[in-house]
Amino acid sequence: MKDKNITFLPHILWTVELQGIFVVDKQTGNHYFLHYPEAAVWDLLSRKYFPEQIPPVISAIEQVNLDAATRIVSRCLMEWSGYGLINTKNEYGKFIDHNHLQ
Amino acid sequence: MANLSITTICNKTCPYCFAEDSRTQYDKANAFMPEETFDRTLEFLERSGIGQVRLLGGEPTIHPDFIKMVDKALERKFHVLIFSNGLMPRKAIERLAKADPETTTILLNTIHPLEEDPKRMKKQQKTMEILGPRVMLGVNIYSRRQELDYLIPYILDYGLIREIRLGVAHAVLSQKNVFLHPKFYREIGQKILSLHRKARQHDIQIGFDCGFVPCMFPEEELEELGPLLEKTGNCCHPILDLLPDGKFISCYPLNNLHTLSLDDNSHAAELTRQFSEKLEAYNNIGIYPHCTSCPLFQRSYCNGGCTAFKMNRLKNSFAYE
Ligand code: SF4
Ligand code: SF4
């Protein structure tokens, strides 16, 4: 059973734009424009992908190896957690289950 | 500019009503603006350098103190603009019939005669007949199938003001009203252009309310709009709608978002600034996903349309709910 350890916080709203994803914190008004591939990571999270399922998809979209894709995903999760966009139970690095990826 | 919603009660149920969210928020006892709040509002308008009292509702003419309010505003040398559906109590019509058309205007909101209940339509027409040169016709476009051909004959037949106010029915945040989805804007743009051409032949002006965008109209025909073109694009700003309880909202569709109270120091410019600040984040997107790539958006010629619709595009999806 995979750990349900990431949620978008309730005051975070977002919408898909032609060039990426616009995210806004409706409490503070802080807003972010996520370009690709970050936008793809956000989109996959919103589609209920578990974090460990995302790097293979990013690897295929971006034509990079799995390690590089895993780094992209980890960086996204770390940043978004820092900005208060997502809720994480564990440290961001633990989202990525390297054993599962192999 | 500021609109005074003196009552949330209405004697009609227009499907597109923007006041939907605020109407359901008030019980009957608090649905009429008290006289004391109205008096403070006149002071607020004077303090803010606003020369017009704009009364709306609900249906403002059914407020028990409606006539008194009109008289007070006129005494203090305001121009009075009344947003009405034309179904006015007899006393209100009688009072307005005596008003100087230079100082009092009734913006009468209509829908196509074929869609209107015949009894109500007759009553509306009677109001036009009696109030003639004080009446400006308005219409809120809420359906792609809406026809606008009936407006010019009304103006000519009843001797009304030679101007038509066109509004787009925008979605309130709860989306409980019927609204014109932006995907139909181009279709409606064609109808507006055709009305504009016919109106010009009769020396009738067209005016736009908030939220019109240039891409409603074919690029090659934009010039035809003349000065009206300037009324498209950057046309979403806080309006300042004052509810009967003395609370300001940015505009009706954004009713649920944020409120500010009327106090003895309130000033329109400061309230507008505060609302604008709250809405600033939404200036980064438009009503369409492609707005951010639009040259007009990038050159700040268009701010991407109605903020309420932009906000309705936003979602909050929980990854694992
Ligand atoms: S910014 Fe959006 S709404 Fe405005 S003209 Fe461009 S595409 Fe149309
Ligand atoms: S959000 Fe802007 S365009 Fe939409 S109704 Fe309010 S003022 Fe008008």
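What list of ³J(HN,Hα) values in whole Hz, one per residue of segment A:21-29 in order, does the Karplus curve 6.51 cos²θ - 1.76 cosθ + 1.60 (θ = phi - 60°) give from phi, with Gly and Pro shown as x?
The phi angles translate into 10, 9, 10, 9, 8, 6, 7, 9, x Hz.
Could you run the numbers on buried accessible area between A and B, total for both chains, 1.4 angstrom probe, in Å² to the nearest 100?
Looking at A and B, the buried total is near 2000 Å².
Would you tell me the mean number of C-beta atoms belonging to other protein chains that fall within 10 Å of each C-beta in A:24-35, as a whole number?
Mean inter-chain Cβ contacts per residue within 10 Å come to 3.
Holding the Cα-Cα limit at 31 Å, pick out from B:K68/B:K122; A:K48/B:K310; B:K191/B:K247; B:K91/B:K231 the pairs that are longer than that.
B:K191/B:K247; B:K91/B:K231
Based on the alpha carbon coordinates of the protein assembly as shown, what radius of gyration and maximum Cα-Cα distance (Dmax) apply, in Å?
Looking at the protein assembly as shown, its Cα Rg and Dmax stand at 25.4, 85 Å.
Subtract the Cα-Cα distance of B:E43 and B:N283 from 0.36 nm times their separation in residues, and report this length gain in nm to one decimal.
So the extension gain works out to 83.2 nm.
What size of dipole, in debye to the nearest 20, comes out for the protein assembly as shown about its Cα centre when the only charges are +1 on Lys and Arg C-beta atoms and -1 on Asp and Glu C-beta atoms?
The calculation lands at about 880 debye.
What value does segment B:37-77 have for Rg/Rh, both radii from Cα atoms and Rh as Kirkwood defines it?
0.95
Within segment B:254-297, name every residue whose backbone N is under 16 Å away from a label modeled 7 Å from Cα of A:T15 along the Cβ vector.
The answer is B:254-255, B:257, B:279-294, B:297, whose backbone nitrogens lie closer than 16 Å to the label point.
Could you give the radius of gyration (one decimal) and Dmax (whole number) of the Cα atoms in segment B:34-122, in Å?
In Å, with Rg to one decimal and Dmax whole: 14.1, 45.
Decide, for chain B, between rounded, prolate and oblate: order the square roots of the alpha carbon gyration tensor eigenvalues as a ≥ b ≥ c, take rounded if a/c falls under 1.5, and otherwise choose prolate if a/b is larger than b/c, else oblate.
oblate
Return the average number of partner chain Cβ atoms within 10 angstrom of each residue Cβ along peptide B:272-284.
What the average comes to for B:272-284 is 2.
The values are calculated or read from the model by the stated rules, or taken from the named source; none is laboratory data. The shown structure was predicted, so the numbers you read here are calculated from the model rather than taken from an experiment. Reconstructed Cβ throughout: ideal geometry from the backbone, glycine too, with neighbour counts over all protein chains shown. Remember, those area values only see protein heavy atoms, side chains included, never the ligands or the DNA or RNA. Shrake-Rupley method; radii C 1.70, N 1.55, O 1.52, S 1.80 Å.
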